[in-house]
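Asks: There's a structure below that I have some questions on.
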Amino acid sequence: MEARLNPFSSPLAGKVIKHINAAGKVVAESGVPAATQELVKIRASQINGCGFCTDMHTKDAAHAGETQQRLNLIASWREATVFSDAERAALELTEQGTRIADAAGGVPDEVWANAAKHYDEEQLLALVSLVGLINLYNRMNVMVQMPAGSYQPGQFG
């Protein structure tokens, strides 16, 4: 499979990606645990069918010490016993925020209230921003059909 466009050779894409990455760096330093941030990125990428981001973030998470068992269970986190209540709240917020078009009222109040039990306002803003950023990357990569499988941890950093 070959991408429809090569964003790595485009000056415009380079500028856009630079700004998205700068926003991502702010979120990465937000106080939300790094493991939770990777879970969020992986779950949104799974929902959106973004193989490129799923490949990248599962490999980055494993490289950072995430267990294979937890990586295998992200898509079925509701039935899995390996995630903390805070991680589960972040995953639920991620799903609702990613599927926002499917819910007439947006993210349900009970989902937000559950996340607010585990994260302060700054962390909630970071999670909202992270969900928005990974959804942006997912949509870009799906639209240009970025192939998945060859990413190596640290490749872009």
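FYI, it's all coordinate maths here, none of it is from the lab. Given the structure is predicted, the values throughout are model-derived calculations rather than measurements. Cβ placement follows ideal geometry from the backbone for every residue including glycine, while neighbour counts extend to all protein chains displayed.
Asks: Here is a check on your reading of the model: is Leu136 of a type outside the set (Lys, Arg) and closer than 16 Å to Ala86 by Cβ? Spell out the reasoning first.
Replies: Numbers: of a type outside the set (Lys, Arg): yes; closer than 16 Å to Ala86 by Cβ: no.
It is false that Leu136 is of a type outside the set (Lys, Arg) and closer than 16 Å to Ala86 by Cβ.
Asks: Here's another thing I want to ask about it. Just for helices (runs of 4 or more DSSP H) wholly inside region 1-102: which have at least 1 residues that are loosely packed, with under 11 Cβ neighbours inside 10 Å? Steps first, please.
Replies: Values: elements: 11-28, 34-48, 51-63, 68-73, 85-98.
Hits in region 1-102: 11-28, 68-73, 85-98.
A quick yes/no check of all residues on (1) in contact (Cβ under 8 Å) with a residue 24 or more places away in the chain; (2) under 22 Å from Ser150 (Cβ atoms):
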| site | (1), (2) |
| --- | --- |
| Ile47 | yes, no |
| Thr54 | yes, yes |
| Glu66 | yes, yes |
| Val82 | no, no |
| Glu87 | yes, no |
| Ile100 | no, no |
| Gly105 | no, no |
| Ala115 | yes, no |
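Asks: Is at least one residue of region 15-37 farther than 16 Å from Phe156 by Cβ, touching a residue at least 40 places away in the same chain (Cβ under 8 Å) and among the acidic types (Asp, Glu)?
Replies: no
Asks: Looking at (1) within 13 Å of the chain's Cα centre (by Cα); (2) farther than 16 Å from Pro33 by Cβ; (3) in contact (Cβ under 8 Å) with a residue 60 or more places away in the chain, can you tell me which one Val144 breaks?
Replies: (1)
Asks: Under the condition of being outside any helix (DSSP H, G or I) and among the hydrophobic types (A, V, I, L, M, F, W, C), which residue from region 128-157 is surrounded by the fewest Cβ atoms within 10 Å (Cβ to Cβ)? Break it down into steps so the answer makes sense when it comes.
Replies: Our first condition is that a residue be outside any helix (DSSP H, G or I); within region 128-157, this holds for 145-157.
Now drop any that are not among the hydrophobic types (A, V, I, L, M, F, W, C), which leaves 146, 148, 156.
Details: Met146: 24, Ala148: 16, Phe156: 11.
Result: Phe156.
Asks: Hey, among Val111, Val107, which residue is more than 29 Å from Asn6 (Cα to Cα) and not in a helix (DSSP H, G or I)?
Replies: Val107
Asks: Could you please find all residues in region 22-80 being of a type in the set (Lys, Arg) and within 10 Å of the chain's Cα centre (by Cα)?
Replies: Within region 22-80, Lys41, Arg43 meet the criteria.
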